[in-house]
Amino acid sequence: MEAVVGNPFLLYLLFTLGAVGVFLAMPRERLRAEIIGLLLGSAAFGGVAVLLGYQGMVWSSEAFPWFRLPLDASGDQYVPTVLPNPYFYLFGLVALLGAVRMITHPRPVYAALHFILTIIATAGLVLLLAAEFMAFALIIIYAGAILITYLFVIMLATQAPTQEEPENLRSYDIRANAPVSSILVGFLMIGALSVLVAKGVPRLEPRNTTEYFTDPARRYTGGEVVRAIPQRLEKALRNEDIIQPEEIIARGEDGGLLIDGGERTAGVVVGDGDGDAIEGGVVRFVSWPDGFAPTNTESVGYNLIKGHPGAIEIAGVILLMAMLGAVVLARKQIQIDDEAKYEQARALGYAPARPGEAGGEGSDA
Amino acid sequence: MLELADAGLGAGVLAQADFPAGLHGLTLAHYLFVSAAMFGIGMIGFLTRRNLIIMFLCTELMFQAAGLALVVFGRYHLDFSGQTFLIFVLTVAAAEASMALALVVLLFRRSESLDASVWQRLRG
């Protein structure tokens, strides 16, 4: 089996470049170098992309024999016949640059906005995997709900820039905490993980790959999901005029629906109008319409409800507990003395009476 | 898409028969690289930033990376459990966000600062 990246030393070099880029992009008081850092980071990502995308192509092994040393000498060489999907590299670049900018931007609001960018790019990556439901759930839940909550808290707790102080940054946002050792440790982990991925993935066999490609009965057609929602198959069959309006999908002798995902066929019988077959009806077998398959949402929903019913309940309990916990924590009253209230009101431009003066205008008891 | 087997692309290529999107030579490793890098960046951010809110944002970034790995492994094994698990990851992330932000608001009201090092004296 092929090694995905032949020569890990090139990968280490690129990760060092990325580490230097992230270090330069870190917030500091003087000598800000975000642009150079981001350029270095993009260059590192581009290098890894080239390594991943083109290293198996013929020119590399001819022009640069050192470019990939196969880790497994007996393995086949991976020679892609088509260019890799450009959208993957686009979304990957946006996701990682957004992530780097998120951890390096001194202003928390912009960090949150860059995280939204990362989420949208990740949703694009997930969309490439034909997981539409998760892609849109990521955007709706993460970008729409969680990040808006973060933005509320950020706006509650940070100072807005004023005309006198256009920067107005807090010291804890400007100075990074131990950047050198953190980046060293972080990129060591990224490097170790990546080389493990490069070496280990080829040894990871997907489920029944060989049968999957050669045996039509094993190919994924969603037969199990369709059996759970036979109305959709009935509707598709009626729309294609394959069955008559009064015909329904028949049940076998064991009571199960006659739907075969492997052969893409279904048994239909004339119904009595109440969802049951008429007495003595003859079952005939029809093929599914071309291109009929359960959608991603239906498959995920089926897997969720069929496979993990207990986990849904536990997730509900977790959400309820989180809500209760947040309410309990946020309801806690902080005592503010009258002097502090007076100072705050004066800062806002009101003129309340000093604490202690009875009956003053605008004083709230 | 049966010709994929004949092309001898091997197990590293994401299986794609009967799935609508063309993955054009992408392998499991491509996605895992992005996932690993995103997780590492999130970890670096958690270690380097001193702003409490951004530290929690970095944990969300690590959740994202784990979720991406879950989806791509689910695709690799032609199993929807990966995507189902991402739903639970989203649930935990939402619960974590609400609790963490409530804590941050509480800490901010006490110390008028989002600096994590203000609370250093909490160490035992």
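Values quoted throughout were computed directly from the atomic coordinates according to the rules given, and no laboratory measurement underlies them. This one's a predicted model, so the numbers in the text were calculated from it and none came from an experiment. Cβ: placed from backbone, ideal geometry, glycine included. Neighbour counts: every protein chain shown.
The table for this structure:
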{"read-out": "Label point distance in nm, A:ALA192-A:GLU164, each placed 7 Å from Cα along Cα→Cβ", "value": "5.0"}
{"read-out": "Kirkwood hydrodynamic radius over Cα pairs of the stretch A:219-293, then Stokes diffusion coefficient at 10 °C and 1.306 mPa s, in µm²/s", "value": "129"}
{"read-out": "Peptide-level mean, for A:190-200, of C-beta atoms on other protein chains within 10 Å", "value": "4"}
{"read-out": "Pairwise label distance in nanometres, A:GLU29 with A:VAL317, each label 7 Å out on the Cα-Cβ vector", "value": "5.1"}
{"read-out": "Difference of contour (0.36 nm per residue) and Cα-Cα distance, A:GLU279 to A:MET155", "value": "37.7 nm"}
{"read-out": "Neighbour-count ranking [beta-carbon atoms within 10 angstrom, fewest first] of A:ARG227, B:ARG110", "value": "B:ARG110, A:ARG227"}
